[in-house]
Amino acid sequence: MPYCTKCGAEMKEEDAFCPSCGSPKGAGTAVATAEATKEKGLTTIETVAFVFMILGTVFAAMGFLIPLAWCIPMTIYAKKAMDEKRKIDVGFKVCTLIFVSIVAGILLLCRDEKDCH
């Protein structure tokens, strides 16, 4: 038996509209697909921020080895938080901006965290 892609209610094969919410059959398919894709991996902003964090870590290694003491752990922490859809504190984002990469810090500050827990 099919289910409504908008509200999840059970529908009959011959129903053109959902008996629960009234939406046309298959109306929420694009939204459901976008949400499923969003849950699978990193968003574009998160991916670009992670790339710039790696670049910042590489450039820090060229100058001195001491900056690696905080660049590597910060990059790993940010990646794990983004993978697990956890919120990242503003203080961490500002420290990323100052110590790792300006671009990565700005992108993390712009990260949409309404879907994070």
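The values are calculated or read from the model by the stated rules, or taken from the named source; none is laboratory data. As the structure is a computational prediction, the values presented were derived from the model and not from experiment. All Cβ positions, glycine included, derive from the backbone under ideal geometry; neighbour counts span all protein chains shown. Accessible surface areas use protein heavy atoms only, side chains included; no ligands, DNA or RNA. Shrake-Rupley method; radii C 1.70, N 1.55, O 1.52, S 1.80 Å.
Once the Cα-Cα distance is subtracted from the 0.36 nm per residue extended length, the ILE102 to PHE17 segment shows a gain of 25.6 nm. Between the amide H of LYS6 and those of GLY28, distances stay under 5 Å, these residues lying 5 or more places away or on another chain, with hydrogens modeled in the peptide plane. Length available on full extension from CYS95 to ALA69: 0.36 nm per residue minus the Cα-Cα distance, which gives 8.0 nm. The alpha carbon gyration tensor of segment 65-117 gives principal lengths a ≥ b ≥ c with a/c of 1.5 or higher and a/b no greater than b/c, which makes the shape oblate.
The HN-Hα couplings worked out from phi for segment 4-19 by the Karplus form 6.51 cos²θ - 1.76 cosθ + 1.60 (θ = phi - 60°) are 5, 7, 8, 10, x, 6, 6, 10, 8, 4, 7, 5, 8, 10, 5, x Hz, whole numbers, x standing for Gly and Pro. Counting lysine pairs in segment 36-117 whose alpha carbons fall under 15 angstrom apart, excluding pairs fewer than 8 residues apart on the same chain, gives 10.
Using a 1.4 Å probe on the protein heavy atoms, what percent of the accessible area of the chain belongs to carbon and sulfur?
Answer for the chain is 67 percent, counting heavy atoms of protein chains only.
Cysteines in the chain lacking any other cysteine Cβ under 4.7 Å from their own Cβ: CYS71, CYS95, CYS110, CYS116. Computed about the Cα centre, the dipole magnitude for the chain is approximately 380 debye when only Lys and Arg (+1) and Asp and Glu (-1) carry charge, each at its Cβ. Helix 44-63 and the longest principal axis of the Cα set of the chain meet at an angle near 10°.
If you work out mean projected area of the Cα convex hull in nm² from the coordinates, which of [x] 8.5; [y] 13.4; [z] 6.9 do you get? Matching the structure shown: [x].
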